[in-house]
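Nothing in this text is a laboratory measurement; each read-out follows from the coordinates by a stated rule. Since this is a predicted model, take the numbers as computed values, not measurements. A quick note on method: Cβ atoms are made from the backbone with ideal geometry, for glycine too, and the neighbour counts reach across all protein chains shown.
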């Protein structure tokens, strides 16, 4: 509904303006090319459009220019429009507008459009598998006071909407680890931003999970042969520096008011969850 009612009319409006005002097409010919009535073209040219936001408007303006170049070739124009629409949905570009319009904060529909080749869908499925693994193992001994979260990013993340994590984190209820919600993109600001920083330094690291910091857990990690990296803080800010692609965990000793923490890292959420399970089992021996 959002695409039909807001996005497509906005695209037609911008294309009509370019065709008539810049390319010299008549309103009748522009209407034929757009598949609308001449009266609708006249309306597009005379009425001020609804505000879609600067970023969305830039996207639509760019698409309109591309469509004008190929609009008299129906097949190419259709492919261009459909490709734009699909990319817009999968990039989460419509999510803020959809949430404002419907108040629905729990929608992931656009991220699951193409089951096989949608990288976001792959991330969500890996996250679900990793969460299931952690719950089945009941890694209660690894959950810190601030609770545990696990996050995973797409292949080349450009921002928070490319990182999935658990809203509300993993929690412990009556001695059992539980996930209050399904993983979502742009769900946890701290975990998301930290993973983006780490991935920017080492692209092979696409997942992160925080666990408790204790001498017993550190000893278990060492016994398992996991490769650690000690982090430092400068005026309370975490300093990461260069990262070895073989790094398994990052150790943050904390600071005043900041709980010490261990961050498990890996190539994907399943890789990180397996490390957590191994540590949990080592502690139980």
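For the stretch 2-102, a Kirkwood hydrodynamic radius built from all Cα pairs, placed in the Stokes-Einstein relation at 25 °C and 0.890 mPa s, yields a translational diffusion coefficient of 175 µm²/s. What the Cα atoms of the chain give is an Rg and a Dmax of 24.4, 80 Å. Of the residues 78, 191, 181, the one that moves most in a GNM of the chain with alpha-carbon contacts below 10 Å is 78. Once the Cα atoms of helix 189-201 and of the chain are each reduced to a long axis, what angle between those two axes, in degrees from 0 to 90 to the nearest 10, is obtained? Tilt of helix 189-201: around 90 degrees.
Can you tell me, using C-alpha contacts under 8 Å and at least 6 residues apart, the relative contact order of the chain as a whole percent?
Relative contact order, the chain: 14 percent.
The protection proxy used here, the mean number of other Cβ atoms lying within 10 Å of each residue, ranks peptides 231-238, 154-161, 273-280, 262-269 as follows, highest first: 262-269, 273-280, 154-161, 231-238. Distance from the alpha carbon centroid of the stretch 1-48 to that of the stretch 150-212 works out to 43 angstrom.
When the chain is treated as a Gaussian network with alpha carbon springs shorter than 10 Å, the biggest mean-square fluctuation among 102, 247, 192 belongs to 102. Taking the helices alone, the chain has a mean residue ellipticity at 222 nm of -14000 deg cm²/dmol, built from -39,500 (n - 2.57) per DSSP H run of at least 4 residues and averaged over all its residues. For the chain, the longest principal axis of the C-alpha atoms and the axis of helix 269-284 are separated by about 20°. Relative to the longest principal axis of the Cα atoms of the chain, the long axis of helix 54-70 makes an angle of roughly 50 degrees.
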